[in-house]
Amino acid sequence: METTFRNTNVAIEGTDASPDATNLAGEGTLSFGGYSESGLNAAGLRSDGHPLGYGCGTASLDGLIPDRIGRMDFLPACIAHDQCYDTGTTVPRGVCDARLGDDIQSACQSVDYPYVVCVGVGMLYQWSATLFGGSAYNPGATNAGGLP
């Protein structure tokens, strides 16, 4: 799957379009941020095959910050945010965070969730990145987050 956010093509390998939470009544697997109920696989990777910290959140918070909720897929927005933070950027951190909020809101609206829900989710991700993402912002750094 390839998605474009703000003129940046983001290829996502090894993902599918189905929601992570297949059935909240106990059938299927519930996963957030690449973790499933069973956690990491034998190689120490997330259940989607990516290393901790790929997508939404840092390595230490990977299982707590979801890459998707229901039909809302935030992974492309989070990857674009990571790239904004750590590819030798001259983009101010606040601009990266605002773009994340806008992209999360767009991802939500693309699957027809109510506008107020999408605005709230976008604001939550933007607020979280603004409050807790400072250590991940590396202006002038190259590939600090380990992204390809």
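The values are calculated or read from the model by the stated rules, or taken from the named source; none is laboratory data. All figures in this text were calculated on a predicted structure; none of them were measured in a lab. Neighbour counts run over all protein chains shown; Cβ positions are idealised from the backbone, glycine included.
Of the set (1) small (G, A, S); (2) on the phi < 0 side of the Ramachandran plot; (3) at pLDDT below 80, all apply to G44 but (2). The set of residues in the range 60-106 that are among the aliphatic types (A, V, I, L, M), part of a helix (DSSP H, G or I) and closer than 18 Å to L131 by Cβ comprises L61, A77, V95, A98, L100, I104. Candidates R71, R46: the one that is among the basic types (K, R) and touching a strand residue (DSSP E or B) at 6+ places or on another chain (Cβ under 8 Å) is R46. Candidates are the residues of the range 83-109 that are in contact with a Cys (Cβ under 9 Å, 6 or more places away or on another chain) and aliphatic (A, V, I, L, M); the one that is nearest to W127 (Cα to Cα) is L100.
No other residue among P66, P76 is out of contact with any helix residue (DSSP H, G or I) (no Cβ under 9 Å at 6 or more places or on another chain), under 23 Å from V111 (Cα atoms) and modelled with pLDDT of 80 or more apart from P66. Among the residues of the range 108-122, is any surrounded by 13 or more Cβ atoms within 10 Å (Cβ to Cβ), assigned to a helix (DSSP H, G or I), of a type in the set (A, V, I, L, M) and in contact with a Phe, Trp or Tyr (Cβ under 7 Å, 6 or more places away or on another chain)? No, every residue in the range 108-122 fails to be surrounded by 13 or more Cβ atoms within 10 Å (Cβ to Cβ), assigned to a helix (DSSP H, G or I), of a type in the set (A, V, I, L, M) and in contact with a Phe, Trp or Tyr (Cβ under 7 Å, 6 or more places away or on another chain). Name the residue, out of D97, D86, that is among the acidic types (D, E), surrounded by 14 or more Cβ atoms within 10 Å (Cβ to Cβ), modelled with pLDDT under 90 and within 19 Å of T58 (Cα to Cα). None of the others qualify; the one that does is D86.
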